[in-house]
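> Before we start, here is the structure in question, set down as structure tokens.
The values are calculated or read from the model by the stated rules, or taken from the named source; none is laboratory data. This one's a predicted model, so the numbers in the text were calculated from it and none came from an experiment. As a convention, Cβ positions derive from the backbone with ideal geometry for all residues, glycine included, and neighbour counts pool all protein chains shown.
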Amino acid sequence: MDVFVIEGGRRLDGSIAVQGAKNAALPLMATALLTDEPITIRDAPDLADIRNMARLLEELGCETKRQGHRLSLRTADRTQSHARYDVVRTMRASICVLGPLLARRGEARVSMPGGCTIGDRPVDLHLRGLEALGAQIDLDAGDIVARAPVGGLRGARIFLGGPFGSTVLGTANIMSAATLARGTTTIESAACEPEIVDLARLLNAMGAKISGAGSPRIVVQGVDSLGGADHRVMPDRIEAGTLMCAAAITNGDLTLENCPLDALLVLWDLLHRIGVRIDPIDETDPLRATCRITTERSLRPVQVTTQPHPGFPTDLQAQLMALLCLAEGNSIVTEKIFSERFMHVPELARMGASLHRAGATVVVSGVRRLRGAPVMASDLRASAGLVLAGLAAEGTTIVNRVYHLDRGYERLDERLIQLGAKIERVDEKDLESPPTIAVMPGVARLASA
């Protein structure tokens, strides 16, 4: 199992291009199940989750081919409709095949999805939406079994709001299924995330009739069939935000290319209040801008609460918390999306951060410096937060379980090295003295008040 060995205290400097968005690419790939014609997806990152989705689509009868960051997908066999547990358990977004399978093949059997352990993420909203379209839903041996009525799915008015807001993957599933339903589907309380807009853009290029994507109400006029299309994935706003925080925490000077500034206005505002400058250089396309990231002499504390888009994204909470560990004063971070997305808190405390958790809120009292330590990554975004902390810390930080990081960031270590970071990827068995990750005295109190 790989680990990162990070020698901290080095400023990031230089230029880097933001890659295609994983969270957009996965639902885009599932659209291949809606047509027999070829789908081409450009700027698709080479990540474990993307490879797993390609493997799943191959099991479902799709031919897949990768050339660099270009993915070609084409359905050649429509007889298979079972998304097996062995593949689905590796990633949450595998649930995105449910709607397309049901709409195009009339039935689907999809194992309950896996992914990071960051709290409950139920699929009941997906199922309620598909039932509104006329599907019969059953659960059998851990699988979701969905069957379309005779004559296919039919349009409906669907409310997708849940106790924690809208559902991004649920919106993707229902919107994709509704493209081939008879009549009009209105999705109320739809997710407004840019990834949903990107998916609608591809579906419309395939011949769908979707309006309102990016707003809480999406209207889909069903069509008889969909064709092929060539689509460029939107830039990854979470990677862009991670790199912004990396520049800030190292007091660096970073130029970001292909940066989706228009999808990061809340982070732009927060970083400005903290003391981080984001200066646009080229905003010809605000979703593919070029900007420069620099930092003022000192960092200021802020209060932040994670919310659905356009609020502050939960996927950037760990990275921002790492940055706030070095702010002058007390910051308050409240997590409203995923209840267990604080497993990086005790690991940051191991590095000298001063943190106090009370339920869904963490009070971050800024310290003058972080110190390198062995830490354990618990999920994808926590991994990124710990890497950022290691970049700024004095001494050596060893980040274990970086396979989480590889699910969402392509060659992040190599790309940070090109900007001046000192990171070595090694097998944990090759470490001279494997670290122990026992909780230090006092950390449990800091992490779980």
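> If a residue has to be assigned to a helix (DSSP H, G or I), of a type outside the set (Asp, Glu) and buried (at least 24 other Cβ atoms within 10 Å of the Cβ) to count, how many in region 167-199 make the cut?
Number of matching residues: 12.
> Considering only residues that are buried (at least 17 other Cβ atoms within 10 Å of the Cβ) and more than 21 Å from the chain's Cα centre (by Cα), which ones fall in region 229-247?
229
> Okay, moving on. Which of the numbered conditions does residue 327 fail, given that it passes all the others? Conditions: (1) modelled with pLDDT under 95; (2) out of contact with any strand residue (DSSP E or B) (no Cβ under 7 Å at 6 or more places or on another chain); (3) farther than 20 Å from residue 240 by Cβ.
(1)
> Among what's in region 273-286 and is touching a strand residue (DSSP E or B) at 6+ places or on another chain (Cβ under 7 Å) and outside any strand (DSSP E or B), pick the residue that is surrounded by the fewest Cβ atoms within 10 Å (Cβ to Cβ).
Within region 273-286, the match that is surrounded by the fewest Cβ atoms within 10 Å (Cβ to Cβ) is 283.
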